[in-house]
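The values are calculated or read from the model by the stated rules, or taken from the named source; none is laboratory data. These numbers were taken from a predicted model, which means no experiment stands behind them. Quick reminder, even Gly has a Cβ in these numbers, built from the backbone with ideal geometry, and neighbours come from all protein chains shown.
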Amino acid sequence: MMRVCLIIACTAATLAAADEQRLALAIQALSQFDTVEQAAPPDLGDAIACTQAQAALLPVALPEELAPIHYRKGVCLLAAAAITHNAAEFTDAAAEFDKAIEAWPARARNAGKKLPPEPLPSGPRVLAAIARLETGGRPAVSPNLDEAAPVCSPSLMSAAFCTELTKTARQWLGWLALDRDDLAEAARDFSGSAGTGWSAFVAGREAFQTGHYQEAAADYRQAVDLARQGPSPSPLGRLAPRPDLPSELIELGGAQLLGGDARAAIATLDEAVRTAPESARALFLRARARETAGQTEAALSDYNLASRTAFASAADLASGEAHLYRGILLYRRKDYSHAEDEFSSALNFEIPGGLRADAVAWRHLAAVAAGSCATSRQYLERSLAAASPYFPKAEARNLMALCYSAE
């Protein structure tokens, strides 16, 4: 009997010690998490310590405790990834949010008979989607404000964190809408994102598409100025979609060019080329701006550079874009026959969708310039409607008029 009592006493002491250990680990894990959640900006060392604290608690946690621990570990990993921009950490964070979702039923079952089970909040789903978007992926579950609005479970996140999550999710919705060129939806989603530059960028694109180039340039300038300020220092602010400054500079330069300010366009595109020397489009637009400003030799040099840059970034040197730019270079050198060949080659290789219509128009323009006034003139006239505003339509119409007068 004494042995049995001794065994029971030892077991109880062991269980008590285990409970004390689990309690100590839980307190440490919560403390580390609070530090990361409330910091602006979070410290990398704190984020790593937070991740380690959650990992230490997981092996001794009860089943009903696993969901919030996995959630907290995911947030800590996200905080670290937002600083390091390590794709693997974003992937690991998404996996932790998935585990929190899987473990949620055990938490709900432990709520007690008198209390209704707490429904699965959508916060982990939204955060998992954001983590995957940060790696360049397109998650099966996109950040959805219809889900994000009721996310705010006090057992998982503070009210301040919830508010920030809602704003970040809405920005990602706007980014996804902008990616598919749904400007109306993007404008709605970015409406609460003052200070980020996204609303100004969408307004600029809307103005550009309707031909209001000076207005577009003003909006793009505002977007660029705000993009230079960088992201919000909060944990979720760093996880919001980040503006692509070189791309915004290219759009600004294009709008300035079409708005009649070629010299401002050249200055803007100079900066775009410095920040993204691999951008053939920036070089091409700078060539158009220099040509408009009367800088003929500099424009020819840029057309050549644009073609070479596009070739350098193409797989197996198969680039319709590169052939297009080389064709324009040859056209400006009045080598119309070889220019037409280059434009034909541009259409035979992979070429960005927005450039295909221009390549068609340039091919017909080269044919007309070479003396083929009959059929080619008709083809050129039909192709103008689909060509971009960067195609020299006035020059094409003047050339067609000469064809008419020669008949």
Hey, Tyr220 of a type in the set (Phe, Trp, Tyr) and touching a Gly at 6+ places or on another chain (Cβ under 7 Å) or not: yes
Would a scan of the stretch 144-155 turn up a residue that is out of contact with any Lys or Arg (no Cβ under 8 Å at 6 or more places or on another chain), at pLDDT 85 or above and crowded, with 16+ Cβ neighbours inside 10 Å? no
Could you count how many residues in the stretch 356-391 are surrounded by 18 or more Cβ atoms within 10 Å (Cβ to Cβ), in contact (Cβ under 8 Å) with a residue 24 or more places away in the chain and not charged (D, E, K, R)? 13
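Considering only helices (runs of 4 or more DSSP H) fully contained in the stretch 275-365, which possess at least 1 residues that are assigned by TED's automatic domain parsing to the domain that holds Leu399?
Details: elements: 280-292, 296-312, 320-332, 336-348.
Output list reads 320-332, 336-348.
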Residue hits (the stretch 168-189; over 12 Å from Ala203 (Cα atoms) and buried (at least 18 other Cβ atoms within 10 Å of the Cβ)) are Thr168, Ala169, Arg170, Gln171, Trp172, Leu173, Gly174, Trp175, Leu176, Ala177, Asp189
Pair list, Cβ under 8 Å, 6 or more apart: the stretch 285-313 residue touching a residue at least 12 places away in the same chain (Cβ under 8 Å), other residue among the aliphatic types (A, V, I, L, M) and not in a helix (DSSP H, G or I): none
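Quick one: which residue in Thr292, Thr275, Thr309 is within 22 Å of the chain's Cα centre (by Cα) and among the polar types (S, T, N, Q)?
Values: Thr292 fails: within 22 Å of the chain's Cα centre (by Cα); Thr309 fails: within 22 Å of the chain's Cα centre (by Cα).
Matching residue, one of Thr292, Thr275, Thr309: Thr275.
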When (1) of a type outside the set (D, E, K, R); (2) modelled with pLDDT under 95; (3) in contact with a Pro (Cβ under 9 Å, 6 or more places away or on another chain) are applied to Ser319, the one that fails is (3)
Considering every residue within the stretch 55-74, establish whether at least one is over 26 Å from Glu20 (Cβ atoms) and either in a helix (DSSP H, G or I) or touching a residue at least 40 places away in the same chain (Cβ under 8 Å) (or both). yes
Which of (1) more than 30 Å from Pro124 (Cα to Cα); (2) small (Gly, Ala, Ser); (3) touching a Gly at 6+ places or on another chain (Cβ under 7 Å) does Ala264 not meet, given it meets every other one? (3)
Being aliphatic (A, V, I, L, M) and closer than 17 Å to Ala386 by Cα narrows it down to one of Ala339, Ala318, Ala357, so name that one. Ala357
For the stretch 350-365, indicate whether the set of residues that are at pLDDT below 95 and at positive phi is non-empty. no
Looking only at the stretch 198-228, filter to residues that are out of contact with any Phe, Trp or Tyr (no Cβ under 9 Å at 6 or more places or on another chain) and in contact (Cβ under 8 Å) with a residue 24 or more places away in the chain; which one of those is surrounded by the fewest Cβ atoms within 10 Å (Cβ to Cβ)? Gly211
